[in-house]
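Participant: Take a look at the following structure, please.
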Amino acid sequence: MNALEIHGLSLTAGAFRLGPVGLALSQGEYLVLMGATGSGKSLLVKAICGLLVPESGTITVGGTDVTQLPPRARRIGYVPQTSALFPHLSVLRNLTFPGEVAGQGLHQAREGIANLVDMLGLESLLDRIPPTLSGGERQKVALGRALAARPALLVLDEPVSALDEPSRRDICRVLRATHQELGIATIHVCHSLAEAKSVSSQVGIMDRGQLLCLGALPDLFAHPPAHPAVRALLGLDASPTTSEDPALPAKGNV
């Protein structure tokens, strides 16, 4: 059984058309979605998470059709670019929030996150609130909160794009280690080929609302598709193309 299956997914956002998109992600795979700004990456992951409603197609997570289910019922851990932590709650309460929502008491919820706290190195941050954390620390807490819900699928929407280079490397190292430890199927949206190389087992490249190719990076380099957007993102052409539409919102919204 695949962790994620998408069949014929389509939706429209303003003048932009996504799809139809088809995709299958195996258990334990780490898929990086790449594409120029406005290619549809974030629209796709927001549809997967239930933040946007598709016009057609189906989304299956862990064998369950979640196409019409609300986000909270999809068993998906979502980490946006902004981390979206509760600013007034301590790191501890941010991490225990999924357990408390599920009906656990604070003590039980804290026991449930003990391994995550240790794995992500968050022990010294538990009493602090998000506004006092660095960008890298906030992303680690956001990752911990997403994993605390024990998701069947983890979705990371440009999780390091707002960080400085040392923090990017650190978070990518944490993502690799966490994936190796837990084996949760993961989708990670990014623009950076170096970032994709550092974490991915599979890479999908999107352009103008279409998923153009999917495969391991060594295979894509060995047998690159002829599409110019794919070749540009792989660094095989001197002049990169862009899917950006001036009528669309700025980076991160598509």
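No lab work stands behind these numbers, since they all come straight from the coordinates. Predicted model only: the values in this text are computed from it and were never measured. Using ideal geometry, Cβ is built from the backbone for each residue, glycine included, and neighbour counts are taken over all protein chains shown.
Participant: Select from 225, 159, 80 the residue whose mean-square fluctuation is largest in a Gaussian network model of the chain (Cα-Cα springs shorter than 10 Å).
Facilitator: With Cα springs under 10 Å in the chain, the top fluctuation among 225, 159, 80 is at 225.
Participant: Using a ≥ b ≥ c from the Cα gyration tensor of the range 50-192 (square roots of the eigenvalues), is it rounded, prolate or oblate, where a/c under 1.5 gives rounded and otherwise the larger of a/b and b/c decides, a/b for prolate?
Facilitator: Oblate, because a/c is 1.5 or more while a/b does not exceed b/c.
Participant: So the label point goes 7 Å from the Cα of residue 88 along Cα→C-beta, right? Which residues of the range 110-146 then have their backbone N under 15 Å from it?
Facilitator: Residues 129-131 fall inside that zone.
Participant: Tell me, 61, 117, 53 in order of fewest to most beta-carbon neighbours within 10 Å?
Facilitator: With the sparsest Cβ surroundings first, the list reads 53, 117, 61.
Participant: Follow-up. Report the semi-axes of the equivalent ellipsoid for the chain in whole Å, largest first, where each axis is √(5λ) for an eigenvalue λ of the Cα gyration tensor.
Facilitator: In descending order the semi-axes read 30, 20, 17 Å.
Participant: Please get the size of the charge dipole for the range 17-161, origin at its Cα centre, with Cβ charges of +1 on Lys and Arg and -1 on Asp and Glu, quoted in debye to the nearest 20.
Facilitator: I would put it at about 220 debye.
Participant: Let me check I've understood the local charge: for residue 202, count other residues with C-beta under 10 angstrom from its C-beta, Lys and Arg +1, Asp and Glu -1. What total comes out?
Facilitator: Net local charge, residue 202 excluded: -2.
Participant: Rounded to whole Å, give me the distance from the Cα center of the range 14-65 to that of the range 110-135.
Facilitator: Computed from Cα coordinates, the inter-centre distance equals 30 Å.
Participant: Can you sort 119, 1, 206 by how many other beta carbons sit within 10 Å, fewest first?
Facilitator: 1, 119, 206
Participant: Tell me, 16, 221 in order of fewest to most beta-carbon neighbours within 10 Å?
Facilitator: 221, 16
Participant: Do the sum for the chain: with -39,500 (n - 2.57) for every DSSP H run of n ≥ 4, divided by all residues, what is the mean residue ellipticity at 222 nm, to the nearest 500 deg cm²/dmol?
Facilitator: -10000 deg cm²/dmol
Participant: Also, I was wondering about something else. At what distance in nm do the modelled label points of residue 127 and residue 191 sit from each other, each positioned 7 Å from its Cα along Cα→Cβ?
Facilitator: Going from the residue 127 label point to the residue 191 one covers 4.0 nm.
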